[in-house]
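The values are calculated or read from the model by the stated rules, or taken from the named source; none is laboratory data. Remember, predicted model here, so these are calculated numbers, not experimental data. Virtual Cβ from ideal backbone geometry, glycine too; neighbours counted across all protein chains shown.
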Amino acid sequence: MKNTGTCRKSTTSPPDQIAMTKKSIAVILSGCGNQDGAEIHEATLTLWAIHKNGAEYQCYAPNILQHHVLNHLTGEEMNEQRNVLIESARIARGKILDLAQFEAARHDALVIPGGLGAAKNLSTYAFAGADCKINKDVEKAILAMAELKKPIGALCIAPAILARLLDQVLVTIGQDPTTAANIEAMGARHATTLQGEIAVDRERKVVTTPCYMLNSRVDQIATGADRLVQEVLSLAEDNNPGR
């Protein structure tokens with residue numbers, strides 16, 4: 001992975017040291033399935049990376065209806081309704097909380113996997129672009145973590161949510177010029193990245209990675225998720241050294 005002024009390979013404490021600190025990472029899911037919910041590879045590999053690096057996670061999702069339900073075989077809209085929290089429970093194996101219950105003080109960091117659910121259910125980015133609105137519980141959670149200067153990670157299209165809420169934050173969605181332009185129109189800064197790379201805004205304690213915003217393999221998704229989680233944990237350790 002290249003190392004530039006905006007994109008860098010993460011450094012973190014050894015896994016055994018992180019395990020001793022028992023950091024807690026909140027993970028916000030947006031349903032189940034890349035076309036209308038959370039991207040399953042990104043979500044699962046984020047949870048894998050959290051445990052791999054010695055931390056724990058708690059999944060959350062807003063208790064709302066999905067914007068729509070798509071047939072993932074044909075891409076066609078289906079005549080049914082599904083609940084984001086219930087669908088997200090498929091990924092979390094039922095161990096998930098309503099995002100309305102989120103308390104920033106309970107967690108050391110927050111991570112949001114991508115998938116179009118982030119742009120359709122957690123926000124309206126898929127329809128309104130730079131003029132998008134953010135779900136009130138998602139906004140509350142992100143701003144609460146930012147206020148406490150706790151690190152936030154976002155994968156794939158989810159960095160667009162951070163761009164809408166955190167002024168001048170540095171994020172990446174890979175290389176798509178339209179999405180990068182929207183991010184900058186929202187008052188954020190965009191870093192161009194390749195598969196598996198991360199962008200780190202150390203001042204805002206925000207870490208992002210492009211995942212399936214690029215033509216990526218599953219192993220590259222794993223690399224990006226792992227590097228993001230390592231950097232998030234490193235930034236969390238800066239908040240509480242020796243915890």
Kindly provide the set of residues from the stretch 217-241 that are closer than 21 Å to G115 by Cα and more than 17 Å from the chain's Cα centre (by Cα), ordered by number. R217, D219
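From K136, K149, which residue is within 18 Å of the chain's Cα centre (by Cα) and without any contact (Cβ under 8 Å) to a residue 24 or more places away in the chain? Can you show your working first?
Numbers: K149 fails: without any contact (Cβ under 8 Å) to a residue 24 or more places away in the chain.
Within the list K136, K149, the selection yields K136.
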Here is a list of conditions, (1) of a type in the set (F, W, Y); (2) under 22 Å from S24 (Cα atoms); (3) free of Cβ contacts under 8 Å to residues at least 60 places away in the same chain, and Y125 meets all of them except one; can you say which number that is? (2)
In the stretch 201-228, which residues are among the aliphatic types (A, V, I, L, M) and either at pLDDT below 95 or touching a strand residue (DSSP E or B) at 6+ places or on another chain (Cβ under 7 Å) (or both)? V206, V207, M213, L214, A225, L228
Being farther than 22 Å from T209 by Cα, in contact (Cβ under 8 Å) with a residue 12 or more places away in the chain, surrounded by fewer than 17 Cβ atoms within 10 Å (Cβ to Cβ) and of a type in the set (K, R): is that true of R106 here? yes
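Within the stretch 45-92, can you find the residues that are of a type in the set (F, W, Y) and surrounded by fewer than 19 Cβ atoms within 10 Å (Cβ to Cβ)?
W48 - this is the single residue of the stretch 45-92 that is of a type in the set (F, W, Y) and surrounded by fewer than 19 Cβ atoms within 10 Å (Cβ to Cβ).
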I need the helices (runs of 4 or more DSSP H) fully contained in the stretch 125-232, keeping only those with at least 1 residues that are of a type outside the set (S, T, N, Q) and within 21 Å of A61 (Cα to Cα). 125-128, 136-147, 159-165
All positions within the stretch 187-205 that are surrounded by 24 or more Cβ atoms within 10 Å (Cβ to Cβ) and farther than 22 Å from D226 by Cβ: A188, H190
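State yes or no: is T21 at pLDDT below 95, crowded, with 17+ Cβ neighbours inside 10 Å and on the phi < 0 side of the Ramachandran plot? Quick ask: steps written out before the conclusion?
On the way: at pLDDT below 95: yes; crowded, with 17+ Cβ neighbours inside 10 Å: yes; on the phi < 0 side of the Ramachandran plot: yes.
Yes, satisfied.
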Do any residues in the stretch 154-180 that are free of Cβ contacts under 8 Å to residues at least 12 places away in the same chain have Cβ atoms under 9 Å from those of residues that are buried (at least 24 other Cβ atoms within 10 Å of the Cβ) and of a type in the set (A, V, I, L, M), where the two are at least six apart or on different chains, and which pairs are they? none
Can C32 be described as at pLDDT below 95 and touching a Ser or Thr at 6+ places or on another chain (Cβ under 8 Å)? no
